[in-house]
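Single-structure report; data block below.
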Amino acid sequence: MRRPVAVVAIIIIVVIYGAGIVAPWLAPYGFNEADFQNRYASPSLEHPLGTDNLGRDLLSRSIWSAQTTVIVSLAAILTGGLVLGVSAGLAAGYAGGRTDSVIMRAADTFASVPTILLVLIITATLLPRVIDLARDVEDLTGADWIVSSGAPSYFLVFGALAIFGWTGIARVVRSQVLSLRQEPYITAARASGAGTTRILFVHLMPNLTNLLLVAFTLSMGALATAEVGLTFLGIGVQPPHPSFGLMISEGVGLSNVREHPILIIVPGTFIVLLVMSFNLLGDQLTDVLSPRHR
Amino acid sequence: MPAGLATYIIRRLLLLPLILFIVSFATFALGRYAPVDYVEIQAGPRAQPETIERIREERGLNDPVPVQYVRYMGNALTGDFGISTRYQGFPVADVILPRLWITMQYNIVVLVLTFSIGLPLGTWAALRRGTWQDPLSIGVFLLFASVPVLISIPLLQWLFSVQLGVLPSGGWSEAEYLGVEFGLFSKHAILPILALTLPGVAGVARYMRGQVMEVLDQDFVRTANAKGLKASTVVTRHVARNALLPIVTILGFELAALIGGSIFIETLLGIPGIGLLAFESIKTRDYDTIMAIVLIGSTVFILTMLVIDVVYGFIDPRIRVEGSMS
Amino acid sequence: METRRLVLTLTGIAVMMIVVIGGLGAILLASGGGDDSTAGDDDGDDLGARVEGELRLFGPDPITLDPACASDAGSAEYIVEIFSGLVSFDLDLNLVPDVAEALPDVSDDGTVYTFHLRSNVLFHDNSRPVTADDFKFSLERSLNPDTQSTVGEVYLDDLVGAAEFIAGNADEVTGIRVIDPQTLELTITEPSAVFIDKLTYPTAYVVDQREVGDATCFEGSGWTLTPNGTGPFKLAEWDLGRKIVLTANERFHLEPAPALERVTFILSGGSSFVMYENDEVDVTGIGINNIETVRDPNGDLNADLHEGPRLDIFYIGFNTQEAPFDDANLRNALSLSINRDFLAREFLLDLVTPAKGILPPGIDGYNEALPEIPFDPDAARDLLEMAGGAGVIDGATILTSGQGATPSDILQAVLAMWEQELGVTVTIEQEDFGLFLRDIDEGKFQMFSLGWIADYPDPQNFLDIKLHSESANNEAGYSNPDVDSLLDQADREADEATRLDLYQQAEVIVVEDMPWAPLYHGKASYLVKPYVEGFVIPPFVIPNLRYVTITR
C-alpha cells in the first residue's frame, strides 16, 4: 500500500471498465429504454443519476457507454499497440538497415497525416461500404446479428484508431530494442545459436514489458478520449449503440447546458475520471518501473 | 553547415514528395470511394436521377480515380487547388485561406502560452519534489490534462456566457487592424484560447516535470551539487538543456496537430476556422477542399518535423550519425 | 562553452519557429488576411452597437447565391431578397406580379402565358431596366446543361423545347419567346395549374447576363459576391461562412418598398438565444429548451413571442410495394397506435401541430372537416391481428437520415409507442443524408422518416408530387388508380374550387390507405424585439424583409 494514489486509480479503472464488461447484467435499464412520463427526472432511488430528455436512465446509459469504451479502447490497443506497434518496433529495431528505414518511413507517413481528418474521412466514406460487406458476410454465414450489433461501426472506429496510433508504440519499442541489442546477454544468445524468433520473444520481449505497460496505460486514456470525440462528431460508433460521445452530443448546446446540465455532467465525469486514472496509473508505473526514479 | 547535416537535410527533403503523394492519393481515393458524391447530396430530394448522372459525368466524377487524381494534382502544382462545392463555385484557396488565418491566430497564442507557462511551471514542480506542493501540482496538472475539450467548452460557455455574461458564446470577431482582419484581440478569442491552454499547459508541465526530475537524478547533477554550485546554476546550465530537447519534439507535434484539434473547438463554438471547414467539407463531400486541407496539414507536419530534426542534429551530433531521430 | 551552446540552440529553435510560423503568417496575410468579401464597411468588433434601421439576426450559411443553382432553402432565403422573378407570393400567400406588371394573359387552351413586364425595374447598379431578353437568358441559363444546375429542370421542364435544349439538341428553348422588350411569352407542353407557381422559384429569376457571362453552378461564382439583382435588397457584403449584409434597394418596384436600411445575417458562431437576451440580435428562433421560459407569462420574453404555421409535413413512409407493408391493415395499425396529440402537445411542447392528413393547415384546400387520426390502440391491435400479428413486423427497420447524430426524439417516441401498444420492436437505421435519399429513391427500405416542405402553396405540391403513382418523388411507391385519376383531373381542372375539392377527395382516400403515417406539421416559433415591426417568418421561403420596419 505504498502508493495509495495508484491504488485509487486502479480501482476507478476496474470499476468503470468492469461495469462496462458486465453491462448486460449490471445496467438496470437498456441504453435506449425510454420512459416518457419521467423525462428529466431528478436523481432518485429508481434513477440514481436521473433521466434524460427521453426519460432514459442516465446510470444505465453510462454503464452501457462504458462498455463501448472498453471494447473500442481494448481492441485498438491490442491491434494497434500490440500487434502493429510492437511487431513494427521489434522488426525495425532488431533487423535494422533496410527494414528499419522502410518501417520508420511508413511510420512517418502515417504520423504525418492529420489524424482526425483522415479518421473522419475514413469513417464517413467507408462505413456504408463496411456495412455492405458485413451484410454479405451475413448472407454467406447466416449470422444475421452482425449488422444490428453495430459491429461495422465499432470495427471501423478501432481500426482507424489502430492504424493511426501504432507509430508511437513502434518508435518507443524500437528505441528500446536498439539499446538492448548491444546487451551482453543478447550477444551471448546469438553466439550460442539461438534463432531470431527465440531471441525476440524469449529475451527481448520480457525486457519490454515494463515499457509497454507504461505506454499502453497512457495510450488507453488517449484512446478513450478519441473514441468519445469521434462519436461526438457523428462518425464513431453509430446510434443506437451506446457511447459517452453520444451522450455528450445530446447534452451540448447552450440551451441544453443551461436547462439540463446533468446531461453533460454525467458522461463528462465518467470520462474525466477514466482518463485521469489512466494517466495517473501511467505516471505511477513510470515511477515504479523506472529504476532511476526514487 | 557541416557536410553531414546538409546531406541529412537533403535526404529528408527528398522524402517529402513521396509521403505527400501517398497521403494525398489515399485521401483522394477514399473520398471518391464514398458511395455518394456532392452532386447527389446537393441535388436533394427533388432532382431527377438523369440530371444527377449527367452532371456527374460532366464534372468528371465518372472517370477512373487515378485519372481524376492526376488531374487534381496537376492543377494543384500550379497553385489551383480546385473549386469548392460547399461554397459552390468559389476557388478552394479563397475559401480556405481566411479560415486558416483564423485558426492560426488562436492556435499560435495557445502554443506560445502553453510552452511559456508550462515549461517553467513543470520545472518549478519538479524542484518542489518532497514538499506538499508536489502532489498538489501533480493532481492539478493531471486534472486539467484529462478533461477533454468536449466537456470543458460547454462548461466554460455556461459559466462565462450564460451565468456571467461576460464572454460571447461563440463566433469570431471581425475587428480590423491596419486593414487586416485580426479577431484575436477580442472577447471571442478568450474561450478557445482558454479551453486549449488549460490542458496544454497541464500536459507540458507534467512532461517537463518528469524530464527535469530525470535529469536531477543523474550523477553529474549530484556532482555539481556536491561541488557547491548554486541550485539555480545547476538547473539552468545542466537541467534545462537536457530536459529541453524532447520538449522540442512535442512542440513539433502540437504544431502539426493544429488542424485536427481545431475541429472540436470550432464545432462547439461556431468559429469559422479551418477545423469547421474540414468537418463540413467531409460531410458534403467537397473533395477539392478536403484534399487541399489534407495537403496543407501534411506539409506543415513534415516541414515541422524536418525543422525539429535539423535542430536536434545540430545540437547532438550523435543523432545525425544514427540517421534519424525517433 | 556549454552556456554558449545552450543559448545558440535556443536561439536556433526560436529562429526556426519564427521562420516557419512567420512564413505561414506572411502567406496568409498576403492573400488578404481574411477578407474574401466585397469591400463593405465593417461593423468592427461587436454587434452590440446597432446601426440605425438595421436588423440583425442569425441566418443559414448558404451554399450558393446563384438563382439557377439553389437547391436548398438556406440559399433560397437570401436569393429571394436579392433577385426577383416574374411573379412572387405576398405574405398572405397570394400570387402577385413582381417584375411582370400584372398576372399573365393565358391562352384559351392554357398553354401560352404572356407576361407584360414593368418598364421601371432596374438592376441594382441602376444601369438599365430589365427586359424580356434578360428573362429569356436567365430561364435558358437555368435549363442549360452547361450550367450544370441540379434544379433547373425540376421547375422549368414544362416549357416547350426544354427537353431538347437540355439534351443538347437545340440552341434555345423554343417555348420562351421574346415578343418585344417588354413582352415575354412562355409556352408549356400541357396546361398546368401550377406552372405559374413554379415561376416563383429562383430558377425563374432574372440575372444580369453582362455579369454572369458563362459562369456555371460549379465554377466562377465570383459574380455572386456583387450580384446585380432586382430584388428588394442589394447584397452589400458576403463574408463566406461568416456573415451576409443586405442593404435596401431604394428603387424597388413594388410597394411596400423596403424600410430597413440594412440587414445583417450572422452565419457562424454563438447561440442565437443568448445573443437575443443580450440585445445583440433582434430576432431569434426558439427551441424546445427555451419555449417554456418564453411562454411564462411573467417573463419578459413572453411579449416577444410570435408563432406561425409552416407549410410542411413530417411523416413515416411505408414501402407499399413490399411485404409486410403492402398490407393496409398493418399500416393503419401502426398509425392508430401513435398518440399524435401527446407527441405534439406534451412531447414537443406544442411547437408543432399534430397531423391528420397530408395537407398542412394554411394551404389552399386544407380540409378542416377531415377527422383527426384517432389514437386507438384497441382498434390498432385488431388490425394488427388481421394483418398477421406482431410477428409479421419482427425485425423491421425504419430508415432515417443523419449519420451519427441521435435519431430524432420524436422518432424514438413513436417507436416506444409501437412497442408499448402493439408489442412490436422496430430498429432505427441511420444513414448519411445522401445515401438515405438514394436508398429511399430506389425502394431500399421498409419504413423511412422524412419531411417535406412546400415549394409553392398548392396541394399539388404535396399530393401529386409525392403520392401520384407516376411521380418520381413517390418514394413510398404508393399506387391507387382512384387517387391517380382524381389527381390527373385536378391537374387539368380550370375552376379553382373544383380543383381543391378534387384534391380533398384524393386526400381522404390517401388517409384511408395510409401509405404514410403523418406525424405533425411544423410551426415557426420565434422572438422579435418590440421595436421591430412587421417581421414574420413565412410558411415557406418567400421574401419577407421588405415588410419590416424598425421603430427606433
Fill in the blank from the handout: Contact list, first residue from segment C:448-477 and closer than 20 Å to C:Thr353 by Cβ, second anywhere and among the aromatic types (Phe, Trp, Tyr) and outside any strand (DSSP E or B), beta-carbon distance below 6 Å, six or more apart or interchain, is C:Ile453/C:Phe540; C:Ala454/C:Phe540; C:Pro459/C:Tyr503; C:Leu463/C:Tyr503
Practice task
Mind listing whichever residues of segment C:279-304 are of a type in the set (A, V, I, L, M, F, W, C), in a helix (DSSP H, G or I) and in contact with a strand residue (DSSP E or B) (Cβ under 9 Å, 6 or more places away or on another chain)?
Solution key: C:Ile291, C:Val294
Handout entry: Verdict on B:Thr123 being assigned to a helix (DSSP H, G or I), of a type in the set (Ser, Thr, Tyr) and farther than 30 Å from A:Ala6 by Cα
Key = no
Exercise for the section: Report yes if some residue within segment C:252-271 is assigned to a strand (DSSP E or B), in contact with a strand residue (DSSP E or B) (Cβ under 7 Å, 6 or more places away or on another chain) and of a type in the set (Ser, Thr, Tyr); otherwise report no. Expected result: yes
Completion exercise
Given (1) more than 27 Å from the chain's Cα centre (by Cα); (2) among the hydroxyl-bearing types (Ser, Thr, Tyr); (3) assigned to a helix (DSSP H, G or I), A:Ser62 misses just (1)
Handout entry: Qualifying positions in segment A:177-225 - crowded, with 16+ Cβ neighbours inside 10 Å, closer than 16 Å to A:Leu78 by Cα and of a type in the set (A, V, I, L, M, F, W, C)
Key = A:Leu208, A:Leu211, A:Leu212, A:Leu213, A:Val214, A:Ala215, A:Phe216, A:Leu218, A:Met220, A:Ala222, A:Leu223, A:Ala224
Exercise for the section: Considering each residue of segment C:519-552, count those that are touching a strand residue (DSSP E or B) at 6+ places or on another chain (Cβ under 7 Å) and not in a loop (DSSP other than H, G, I, E, B), and give that number. Expected result: 15
Handout entry: Candidate set: segment A:147-196, residues that are aromatic (Phe, Trp, Tyr) and farther than 24 Å from A:Thr99 by Cα; chosen: the one nearest to the other protein chains (Cβ to nearest Cβ)
Key = A:Tyr154
Exercise for the section: Looking only at segment C:305-313, decide whether some residue is closer than 24 Å to C:Tyr478 by Cβ, touching a strand residue (DSSP E or B) at 6+ places or on another chain (Cβ under 7 Å) and assigned to a strand (DSSP E or B). Expected result: yes
Practice task
Evaluate the following for A:Ser42: is it part of a loop (DSSP other than H, G, I, E, B) and either in contact with a Ser or Thr (Cβ under 6 Å, 6 or more places away or on another chain) or not acidic (Asp, Glu) (or both)?
Solution key: yes
Exercise for the section: Please verify whether segment C:480-498 includes one or more residues that are more than 20 Å from C:Ile363 (Cα to Cα) and within 25 Å of the chain's Cα centre (by Cα). Expected result: no
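Condition check ((1) charged (D, E, K, R); (2) assigned to a strand (DSSP E or B); (3) touching a Ser or Thr at 6+ places or on another chain (Cβ under 6 Å)) across all residues:
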residue	(1), (2), (3)
C:Thr174	no, no, no
C:Ile179	no, yes, no
C:Glu185	yes, yes, yes
C:Val206	no, no, yes
C:Asp214	yes, no, no
Exercise for the section: Might you let me know whether segment B:78-97 holds any residue that is closer than 30 Å to C:Val212 by Cα and away from chain C (no Cβ under 14 Å)? Expected result: yes
Practice task
Find the strands (runs of 3 or more DSSP E) located wholly in segment C:379-472 whose residues include 1 or more that are within 14 Å of chain A (Cβ to nearest Cβ) and either touching an Asp or Glu at 6+ places or on another chain (Cβ under 7 Å) or surrounded by fewer than 20 Cβ atoms within 10 Å (Cβ to Cβ) (or both), and list them.
Solution key: C:397-401, C:427-431
Practice task
Could you grab the pairs with beta carbons closer than 9 Å, sequence gap of 6+ or different chains, first residue in segment C:500-521 and charged (D, E, K, R), second one surrounded by fewer than 20 Cβ atoms within 10 Å (Cβ to Cβ) and part of a helix (DSSP H, G or I)?
Solution key: C:Glu512/C:Ala328; C:Asp513/C:Ala328
Fill in the blank from the handout: Condition set of a type in the set (A, V, I, L, M, F, W, C) and more than 14 Å from every other protein chain (Cβ to nearest Cβ), scope segment A:31-49, selection nearest to the chain's Cα centre (by Cα): answer is A:Leu49
Exercise for the section: Would you please list the contacts, defined by Cβ atoms under 9 Å and residues six or more apart or on different chains, that run from a residue in segment B:131-144 that is under 20 Å from A:Ile271 (Cβ atoms) and free of Cβ contacts under 8 Å to residues at least 12 places away in the same chain to a residue that is of a type in the set (A, V, I, L, M) and in a helix (DSSP H, G or I)? Expected result: B:Gly139/A:Val5; B:Gly139/A:Leu280
Completion exercise
Cβ pairs under 8 Å, 6+ apart or interchain, first in segment C:207-220 and polar (S, T, N, Q), second in a loop (DSSP other than H, G, I, E, B) and modelled with pLDDT of 90 or more, ordered by first then second residue, are C:Thr216/C:Gln148
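The values are calculated or read from the model by the stated rules, or taken from the named source; none is laboratory data. Note that this is a predicted model, so its numbers are computed, not measured. Don't worry about glycine lacking a Cβ; one is built from the backbone with ideal geometry, like all the others, and counts go over all protein chains shown.
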